[in-house]
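The numbers here are math on the coordinates, done by the rules we state, and not lab data. Source: prediction; values computed, not measured. All Cβ positions, even for glycine, are placed from backbone atoms using ideal geometry, and neighbour counts span all protein chains on display.
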Amino acid sequence: MEMEKITSFTVDHIRLVPGVYVSRRDMAGDTVITTFDIRMTSPNDEPVMNTAEVHTIEHLGATFLRNHGEWKDRILYFGPMGCRTGFYLLLIGEYESADIVPLLREMFAFIASYEGEVPGARAKDCGNYLDMNLPMAKYLARKYLDEVLTDIPDFRLNYPD
């Protein structure tokens, strides 16, 4: 059976750089769902993130987003890409990449400065609670914040043509 490529596989990953991209928009009834590609590493060009730091960023990011005063009611999902080069963020509503940069700056600053036990990092709360690396998650969050989100240029907000 021949299948059509899904949208995310049509993006030129050779020219893709770390950034914040609208991956797709879907309708759920009469509500728009915007999926963002939060690309933290350059695909096929630099090492991918290890599962422990990806898992830690997922726990901290999801907890932060679902507790955010302004955005929590619009958050549907925050989780890792299988390729370990970034994360997907699904929001209720129609948004552009620039709309969420302030939220992402807050989230990655939160992760970069986080101290203490990672939320949900206990056997009763998580299926792989030992696979966490807070120091590396903090390092990657700071790197993304400093190199991508601070003064983010337009080419990091729109997929390459």
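A few remarks follow.
- Across the range 72-102, the qualifying residues are those that are over 16 Å from ARG156 (Cα atoms) and charged (D, E, K, R), and the one among them that is surrounded by the fewest Cβ atoms within 10 Å (Cβ to Cβ) is ASP73.
- Odd one out for VAL22, checked against (1) in contact (Cβ under 8 Å) with a residue 60 or more places away in the chain; (2) surrounded by fewer than 17 Cβ atoms within 10 Å (Cβ to Cβ); (3) over 29 Å from ASN128 (Cβ atoms): (2)
- Residue, farthest from LEU104 (Cα to Cα), within the range 28-45, restricted to residues that are free of Cβ contacts under 8 Å to residues at least 40 places away in the same chain and among the charged types (D, E, K, R): ASP30
- For the range 1-83, no strands (runs of 3 or more DSSP E) sit wholly inside it while including 3 or more residues that are more than 24 Å from ALA112 (Cα to Cα), among the aliphatic types (A, V, I, L, M) and over 15 Å from the mean Cα position of the chain (by Cα).
- For the criterion of being of a type in the set (Ser, Thr, Tyr), over 18 Å from MET136 (Cα atoms), in contact (Cβ under 8 Å) with a residue 24 or more places away in the chain and not in a helix (DSSP H, G or I), TYR95 passes.
- Looking only at the range 49-71, and only at residues there that are out of contact with any helix residue (DSSP H, G or I) (no Cβ under 6 Å at 6 or more places or on another chain) and of a type in the set (D, E, K, R), the one that is surrounded by the most Cβ atoms within 10 Å (Cβ to Cβ): GLU58
- Being surrounded by 10 or more Cβ atoms within 10 Å (Cβ to Cβ) and either touching a Cys at 6+ places or on another chain (Cβ under 6 Å) or farther than 30 Å from LEU130 by Cα (or both) is a description that applies to ILE33.
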